[in-house]
Amino acid sequence: MFEKIALVGIGLIGSSLARVIRREGLARHVAISTRSAATLARAQELGLGSSYSSDAKEAVRDADLVIVSVPVGSSGAVAEEIAPALKQGAILTDVGSTKASVIAQMQPYVPDGVHFIPGHPLAGTEKSGPDAGFADLFDNRWCIFTPLPDTNPEALERLSEFWRRCGANIDTMDPQHHDMTLAIVSHLPHIIAYNIVGTADDLQSVTKSEVIKYSASGFRDFTRLAASDPTMWRDVCLHNKDAILEMLARFSEDLASLQRAIRWGDGEKLFDLFTRTRAVRRSIIEAGQDIDVPDFGRQAVEHPAKA
Ligand code: NAP
């Protein structure tokens, strides 16, 4: 599909892209760039690309497609660095978990004649780094684009086709809507998980060994989310602040209502809520976004967090 693709950032997402690009033959040349010598050397050992450089400018030169896969707080600095080397007509995209902030950071540096199309694949695991990626990470997952008002439709279609060939389904929405939606489906669950695991870790009356020993009772499912990359999630919290605070406020109100129902023994209210939430789980399975097997829908296979 492309003569040369440049991957700036080669962690979980970048290396998954590298693997699927190779498997599907989507580019003749894949140039890989990352800031640290250790990650670059590992990407080279894994044979993820055709060329390797710690200089992102070098990697993006002559590339038809440039994909930035770094923590969202670093996207502006990366855009500033690569901008002078971007080829006229190239497509520049990213995979960041927040969109309004990434656009505000990157857009000012995008040269005229380069098609900047912000994107976000809704696929991931709690692992990070080039070893963590796998080629079918994006299979049947959504990739959301938040095109800008002047986005070239042909470039958008070309990028959409690229992601479809990587296994993803495509959707487009405006950046604010993306950030609000992701705040509830992804950011809040992670924050709740970080919080509950932190609370359990602080408990004095229950020993840590008991928390671990009896974790399969529910706690364990939160620990997977709470093991996610601290840099990535720090940046998500700082760069989707308003939407996250809005969802946290709603969450706190609903939690207070649940607390009241428990205090006053309002079993009907509890039963109704738990019935409604069970139906949500069923809809997710019907939509093919999880599988209906025990162990919270995760398979004990190579990529346990994929499901
Ligand atoms: P990752 O595995 O931790 O890899 C991060 C990559 O970014 C590495 O190549 C790292 O380079 C580089 N990097 C880190 N800090 C940087 C900085 N300050 N300046 C320049 N480069 C830097 O991360 P990931 O999970 O692939 O996430 C990458 C992006 O994808 C993030 O924006 C995240 O929001 C988004 N995303 C993640 C998921 C997920 O579940 N993980 C899902 C969808 C989208 P070195 O190793 O060389 O330092």
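The values are calculated or read from the model by the stated rules, or taken from the named source; none is laboratory data. Please read these numbers as outputs of a predicted model, since none were measured by experiment. Note that each Cβ is placed from the backbone with ideal geometry, even for glycine, and that neighbours are counted across all protein chains shown.
A single member of 10, 5, 21 is out of contact with any helix residue (DSSP H, G or I) (no Cβ under 8 Å at 6 or more places or on another chain), within 22 Å of residue 137 (Cβ to Cβ) and buried (at least 16 other Cβ atoms within 10 Å of the Cβ), and it is 21.
Of all residues in the range 232-245, those satisfying the criterion of being surrounded by 15 or more Cβ atoms within 10 Å (Cβ to Cβ), touching a residue at least 60 places away in the same chain (Cβ under 8 Å) and not small (Gly, Ala, Ser) are 232, 235, 236, 239, 240, 244. Regarding the range 81-88, can at least one residue be identified that is assigned to a helix (DSSP H, G or I), within 15 Å of the ligand (Cβ to nearest atom) and touching a residue at least 60 places away in the same chain (Cβ under 8 Å)? Within the range 81-88 (the criterion being assigned to a helix (DSSP H, G or I), within 15 Å of the ligand (Cβ to nearest atom) and touching a residue at least 60 places away in the same chain (Cβ under 8 Å)), the answer is yes, since at least one residue qualifies. Checking each residue in the range 1-37 for being out of contact with any Phe, Trp or Tyr (no Cβ under 9 Å at 6 or more places or on another chain), in a helix (DSSP H, G or I) and more than 7 Å from the ligand (Cβ to nearest atom) picks out 18, 22, 23, 24, 37.
When you scan the range 175-182, do you find a residue that is within 10 Å of the ligand (Cβ to nearest atom), at pLDDT 95 or above and buried (at least 19 other Cβ atoms within 10 Å of the Cβ), even just one? Scanning the range 175-182 turns up at least one residue that is within 10 Å of the ligand (Cβ to nearest atom), at pLDDT 95 or above and buried (at least 19 other Cβ atoms within 10 Å of the Cβ). Filtering the range 89-122 to residues that are without any contact (Cβ under 8 Å) to a residue 60 or more places away in the chain, within 16 Å of the ligand (Cβ to nearest atom) and out of contact with any strand residue (DSSP E or B) (no Cβ under 7 Å at 6 or more places or on another chain) leaves 104, 105, 109. Beta carbons closer than 6 Å, at least 6 apart along the sequence or on distinct chains, pair a first residue in the range 19-46 that is free of Cβ contacts under 8 Å to residues at least 40 places away in the same chain and over 15 Å from residue 128 (Cα atoms) with a second that is among the small types (Gly, Ala, Ser) and near the ligand (Cβ under 9 Å from one of its atoms) for 32/43; 33/56. Within the range 146-165, one or more residues are in contact with a His (Cβ under 7 Å, 6 or more places away or on another chain), surrounded by 14 or more Cβ atoms within 10 Å (Cβ to Cβ), in contact (Cβ under 8 Å) with a residue 12 or more places away in the chain and under 29 Å from residue 245 (Cα atoms).
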